[in-house]
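Visitor: Can you read through this structure? Questions will come right after.
The values are calculated or read from the model by the stated rules, or taken from the named source; none is laboratory data. What you see is a predicted model, and the numbers here were worked out from it, not measured in a lab. Heads up, the Cβs are rebuilt from the backbone with ideal geometry, glycines too, and the neighbour counts pull from every protein chain shown. Note: accessible area is taken over every heavy atom of the protein model, side chains too, but ligands, DNA and RNA are not part of it. Shrake-Rupley method; radii C 1.70, N 1.55, O 1.52, S 1.80 Å.
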2 protein chains.
Amino acid sequence: MVDILHRVGVKTDSPEKVYEALTTIHGLAGWWTDDTKGSADVGGVIEFRFPPGGFDMKVIDQQPSERVSWKVVNGPDEWLGTTIDWQLRQDGEHTIVLFKHEGWKEPVEFMHHCSTKWATYLMSLKSLVETGTGAPSPRDVHIAFPD
Amino acid sequence: MVDILHRVGVKTDSPEKVYEALTTIHGLAGWWTDDTKGSADVGGVIEFRFPPGGFDMKVIDQQPSERVSWKVVNGPDEWLGTTIDWQLRQDGEHTIVLFKHEGWKEPVEFMHHCSTKWATYLMSLKSLVETGTGAPSPRDVHIAFPD
């Protein structure tokens, strides 16, 4: 089992805005993909769609301003059954976001791609909270072709 | 042991420019840090310096336009003894760069940080080759504070 790990620091007074961007359909659509639907409450399923396809995530856990956890219940084979874990904490003027995409069976080339792409989406989340504007799909940062 | 993995596609006719950016002091200074010195030949040691500190990398392997491998011989404890492996291959109009930073003992918070930061530096490498201008330190993309 191998994991994708990331960390960003978002300049904001408290973790509330980052938490909102991870736990509301409107917030998620502001940094990951315009085409976000479903239920973002615990036990609900969020449907994220991109031009090449998408993912359905079941919301496993939410601890206000501290933690969000999703399980992939639909999507590419490599993603099925993996989990996405977000941990937040405040450090002075920044909310520290620790990200884990856990449970990949093999370190396949697609995992390398997703690792880099997650980094750009975390920067989009940071930008959304800091400036009000993220770079969700289809206005996402391109790291290869097509991606 | 846990690894950082990334992948970018660089629009260029052949892997030669990416390979040059990984195997010459001038090329490395164009995307990672202005303050790059030493010997970039096999068996040599490259000294990368940033405002907070730096790394010395011994060049372990170079296969023209295909592979470059470094071992960390000086730097933060978490980096000592880890290896950086670059694999290149051409796919049509793009050079695919597969990156691995291998041999981390533990998935510490600093590893999360380095994973995200590597992604931004790979985007800097891509930009250098595609446009002639990268974003090396101290003009690097900031993902937290300070970083």
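Visitor: I'd like the mean, over residues of B:102-114, of how many other protein chain beta carbons sit within 10 Å of each residue's own Cβ.
Guide: Across B:102-114, the average partner-chain Cβ count within 10 Å equals 3.
Visitor: Next question, about the same structure. If one takes the accessible area of chain A alone plus chain B alone and subtracts that of the pair, with a 1.4 Å probe, what total in Å², rounded to the nearest 100, results?
Guide: 2400 Å²
Visitor: Quick check on the stretch A:1-73: take the gyration tensor over C-alpha atoms, sort the square-rooted eigenvalues as a ≥ b ≥ c, and tell me if it's rounded (a/c under 1.5), prolate or oblate.
Guide: Because its axes are fairly even, with a/c under 1.5, the stretch A:1-73 counts as rounded.
Visitor: While we're on this one: Going by a ≥ b ≥ c, the root eigenvalues of the Cα gyration tensor, does the stretch A:1-43 fall in the rounded group (a/c under 1.5), the prolate group (a/b larger than b/c) or the oblate group?
Guide: Since a/c reaches 1.5 but b/c is at least a/b, the shape of the stretch A:1-43 is classed as oblate.
Visitor: Nearest 10 degrees, 0 to 90: what angle lies between the long axis of helix A:109-131 and the longest principal axis of chain A (Cα atoms)?
Guide: Once rounded, the angle reads 20 degrees.
Visitor: For chain B, what does -39500 (n - 2.57) per DSSP helix run (n ≥ 4), summed and divided by total residues, give at 222 nm, in deg cm²/dmol to the nearest 500?
Guide: -7500 deg cm²/dmol
Visitor: Further, regarding this structure: If I model a spin label at residue A:89 and residue A:11 as a point 7 Å from the Cα along the Cα→Cβ vector, what separation in nanometres do I get?
Guide: 2.3 nm
Visitor: Right, next: Size of the dipole of the protein assembly as shown about the Cα centre, Lys and Arg at +1 and Asp and Glu at -1 on the beta carbon, nothing else charged, in debye to 20?
Guide: For the protein assembly as shown, the charge dipole is close to 160 debye.
Visitor: What value does chain A have for Rg/Rh, both radii from Cα atoms and Rh as Kirkwood defines it?
Guide: Checking Rg against Rh, the ratio lands at 0.93.
Visitor: Setting aside same-chain residues fewer than 8 positions from residue A:100, which aspartates and glutamates have a Cα under 15 Å from its Cα?
Guide: A:3, A:61, A:66, A:85, B:3, B:106, B:109
Visitor: Still on this structure, please answer the following. Per the 1.4 Å probe, what fraction of the accessible area of chain B, in percent, lies on carbon and sulfur atoms?
Guide: Accessible surface attributable to carbon and sulfur in chain B totals 51 percent.
Visitor: Please pull out the direction-averaged projected area of the protein assembly as shown, using the convex hull of its alpha-carbon atoms, in nm² to one decimal place.
Guide: Average of the hull's projected areas for the protein assembly as shown equals 14.1 nm².
Visitor: Hey, another quick one. How well do other chains shield peptide A:5-17, expressed as the mean number of their Cβ atoms within 10 Å of each residue Cβ?
Guide: 4
Visitor: Which shape class, rounded, prolate or oblate, goes with the stretch A:70-147 when its Cα gyration tensor gives a ≥ b ≥ c as root eigenvalues, a/c under 1.5 marks rounded, and past that a/b bigger than b/c marks prolate?
Guide: In terms of gyration-tensor shape, oblate.
Visitor: Then there's this: Between residue B:35 and residue B:78, what is the label-to-label distance in nm when each label sits 7 Å out along the Cα-to-Cβ direction?
Guide: Simple spin-label model gives 2.0 nm for this pair.
Visitor: OK, next. Whole Å is fine, so just give me how far the alpha carbon centre of the stretch A:95-147 lies from that of the stretch A:9-79.
Guide: After rounding, the separation between the Cα centres reads 13 Å.
Visitor: Which whole number gives the average, over all residues in A:91-99, of C-beta atoms from other chains lying within 10 Å of the residue C-beta?
Guide: Counting Cβ atoms of other protein chains within 10 Å of each residue's Cβ and averaging gives 2.
Visitor: While we're here: Label point 7 Å out from residue B:47 along Cα-to-Cβ: which residues of the stretch B:74-95 have amide N under 13 Å?
Guide: Residues passing the 13 Å test: B:74-75.
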